[in-house]
1. Which residue pairs have Cβ atoms under 9 Å apart, sit 6 or more places apart or on different chains, and have a first residue in region 20-40 that is without any contact (Cβ under 8 Å) to a residue 12 or more places away in the chain and within 20 Å of E10 (Cα to Cα) and a second that is of a type outside the set (S, T, N, Q) and in a helix (DSSP H, G or I)?
2. Inside region 1-25, can you point out the residues that are in a loop (DSSP other than H, G, I, E, B) and either polar (S, T, N, Q) or surrounded by 10 or more Cβ atoms within 10 Å (Cβ to Cβ) (or both)?
3. Run L63 past the list (1) surrounded by 11 or more Cβ atoms within 10 Å (Cβ to Cβ); (2) modelled with pLDDT of 95 or more and report the number of the one that doesn't hold.
4. Which members of region 1-52 meet the condition of being under 30 Å from L63 (Cα atoms) and either basic (K, R) or touching a strand residue (DSSP E or B) at 6+ places or on another chain (Cβ under 8 Å) (or both)?
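The values are calculated or read from the model by the stated rules, or taken from the named source; none is laboratory data. Keep in mind the model is a prediction, meaning the values are calculated, not measured. Positions of Cβ are backbone-derived with ideal geometry, glycine not excepted, and every protein chain shown enters the neighbour counts.
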Amino acid sequence: MTSIAKIQEEILALSETDYRQLKQWFNELEWDEWDQQIAADSDAGKLDFLIDEVLEAKEKGTLKNLEDL
């Protein structure tokens with residue numbers, strides 16, 4: 001049995017409470033990784049096009065207020 005298969009077997013054996021805690025932990029881990037990737041992309045200038053789009057929309061008068069969406 002592979003390590004992954006063992007982990008999967010152990011996960012299936014968890015109580016509902018433990019499973020929920022593991023799921024929450026894993027979700028938080030994914031969100032933290034996502035946040036780090038967004039920060040790295042921003043620092044590298046990969047998201048600058050978004051600022052350009054907003055400034056262009058503002059200049060054209062087509063920028064929408066988030067509260068109105």
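1. Short answer, once both residue conditions are applied: L22/I11.
2. We begin by selecting, within region 1-25, every residue in a loop (DSSP other than H, G, I, E, B); these are 1-2, 13-15.
Matches in region 1-25: T2, L14, S15.
3. Here L63 clears every test but (2).
4. Across region 1-52, the qualifying residue is only K46.
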